[in-house]
Amino acid sequence: MDILNRQFGLVIAYLLPGFIALAGIAPLVPTVAGWLHADQTVSFGAPVYAILAATAAGMIVSCFRWLLVDWIHPLTGVPAPAFNAQALEEHPSAFGYLVESHYRYYQFYANTLVAVVWTYSIHRWLRTDAILGFGTDLAVLILCAVLFAGSRDALTKYRNRSSQLVG
């Protein structure tokens, strides 16, 4: 069961936001658009390429999350914990549980926030869809606010509980 939890955590932290980011790349790169089309039943390669590309895009999005979002949370009152390395070595499974229970969700919310902003910006810039307008702008703004709030909550829980465990 532990391996399933870790795999699930990695999927939500990197793969799902990566697919959202690929949707932003698709209008710019026709090959990527081809990988994302659901009617690719002839080739086994397209889904494999899409998964690998989404994983890479998710890792890149995570780097931008680190650059753009991670420094904002301490400014909003989420302090960075000071870990005791020896205490961490004494409780590795408990710490791993906190990572999978809280930090992976933080990564999902914050990475998805970055991916949504990227993808929506590209689609707005290129005007790829007729329904893009004030209503979708408002919906994306609300989604981004919810994702930011979710990331802040998950990071707060992770940091508070980690500090209690190994602080």
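Does TYR14 fit the bill of being surrounded by 13 or more Cβ atoms within 10 Å (Cβ to Cβ), farther than 16 Å from TYR103 by Cα and not polar (S, T, N, Q)?
Numbers: surrounded by 13 or more Cβ atoms within 10 Å (Cβ to Cβ): yes; farther than 16 Å from TYR103 by Cα: no; not polar (S, T, N, Q): yes.
Answer is no for this residue.
Between residues in the stretch 118-138 that are within 23 Å of GLY58 (Cα to Cα) and residues that are among the acidic types (Asp, Glu), which pairs lie under 8 Å by C-beta distance while being six or more apart or on different chains?
HIS123/ASP129; ARG124/ASP137
Here is a list: PRO74, PRO81, PRO27. Which entry is over 21 Å from VAL166 (Cα atoms) and either surrounded by 16 or more Cβ atoms within 10 Å (Cβ to Cβ) or not β-branched (Val, Ile, Thr) (or both)? Please lay out each step first, then the result.
Numbers: PRO74 fails: over 21 Å from VAL166 (Cα atoms); PRO81 fails: over 21 Å from VAL166 (Cα atoms).
That would be PRO27, the only listed residue that is over 21 Å from VAL166 (Cα atoms) and either surrounded by 16 or more Cβ atoms within 10 Å (Cβ to Cβ) or not β-branched (Val, Ile, Thr) (or both).
What's the total number of residues in the stretch 23-47 that are within 20 Å of the chain's Cα centre (by Cα) and free of Cβ contacts under 8 Å to residues at least 12 places away in the same chain?
Result for the stretch 23-47: 1.
Checking the conditions here, which among ARG159, ARG152, ARG124 is in a helix (DSSP H, G or I), surrounded by fewer than 17 Cβ atoms within 10 Å (Cβ to Cβ) and of a type in the set (Lys, Arg)?
On the way: ARG159 fails: surrounded by fewer than 17 Cβ atoms within 10 Å (Cβ to Cβ); ARG152 fails: surrounded by fewer than 17 Cβ atoms within 10 Å (Cβ to Cβ).
Step by step, each of ARG159, ARG152, ARG124 is checked, and only ARG124 is in a helix (DSSP H, G or I), surrounded by fewer than 17 Cβ atoms within 10 Å (Cβ to Cβ) and of a type in the set (Lys, Arg).
Considering each of HIS102, HIS91 in turn, give the residue that is surrounded by 19 or more Cβ atoms within 10 Å (Cβ to Cβ) and of a type outside the set (Ser, Thr, Tyr).
After applying the criteria, what remains is HIS102.
Pick out the one residue from HIS123, HIS102 that is farther than 24 Å from VAL140 by Cβ and in contact with a Leu (Cβ under 8 Å, 6 or more places away or on another chain). Give the derivation first.
Numbers: HIS123 fails: farther than 24 Å from VAL140 by Cβ.
After applying the criteria, what remains is HIS102.
When the residues of the stretch 68-89 are filtered to those that are of a type outside the set (A, V, I, L, M, F, W, C) and at pLDDT below 90, which remaining residue is farthest from the chain's Cα centre (by Cα)? Before the answer, list the steps.
Taking the stretch 68-89 and keeping what is of a type outside the set (A, V, I, L, M, F, W, C), we get 70, 73-74, 76-77, 79, 81, 84, 86, 89.
If we keep only those that are at pLDDT below 90 too, we end up with 79, 81, 84, 86, 89.
On the way: PRO79: 21, PRO81: 22, ASN84: 27, GLN86: 30, GLU89: 28 Å.
Filtering first and then ranking leaves GLN86.
Report the residue count in the stretch 128-149 for those that are part of a loop (DSSP other than H, G, I, E, B) and either under 21 Å from the mean Cα position of the chain (by Cα) or among the acidic types (Asp, Glu) (or both). Spell out how you get there, then give the answer.
Here is the first cut: in the stretch 128-149, the residues part of a loop (DSSP other than H, G, I, E, B) are 128-133.
Now drop any that are not either under 21 Å from the mean Cα position of the chain (by Cα) or among the acidic types (Asp, Glu) (or both), which leaves 129.
The number of residues fulfilling the criteria is 1.
Among the residues of the stretch 125-142, write down those that are at pLDDT 90 or above and either in contact with a helix residue (DSSP H, G or I) (Cβ under 6 Å, 6 or more places away or on another chain) or basic (Lys, Arg) (or both).
VAL140
For the structure I just gave you, tell me whether ARG6 is surrounded by 16 or more Cβ atoms within 10 Å (Cβ to Cβ), of a type in the set (Lys, Arg) and either more than 28 Å from ILE142 (Cβ to Cβ) or within 11 Å of the chain's Cα centre (by Cα) (or both).
Numbers: surrounded by 16 or more Cβ atoms within 10 Å (Cβ to Cβ): no; of a type in the set (Lys, Arg): yes; either more than 28 Å from ILE142 (Cβ to Cβ) or within 11 Å of the chain's Cα centre (by Cα) (or both): yes.
Criteria not met by ARG6.
Residue under question is ALA115, and the condition is that it be without any contact (Cβ under 8 Å) to a residue 40 or more places away in the chain and of a type in the set (Gly, Ala, Ser); does it hold? Working first, answer last.
Details: without any contact (Cβ under 8 Å) to a residue 40 or more places away in the chain: no; of a type in the set (Gly, Ala, Ser): yes.
The answer is no for ALA115.
The values are calculated or read from the model by the stated rules, or taken from the named source; none is laboratory data. Since this is a predicted model, take the numbers as computed values, not measurements. Here the Cβ is made from the backbone with ideal geometry for all residues, glycine too, and neighbour counts use every protein chain on show.
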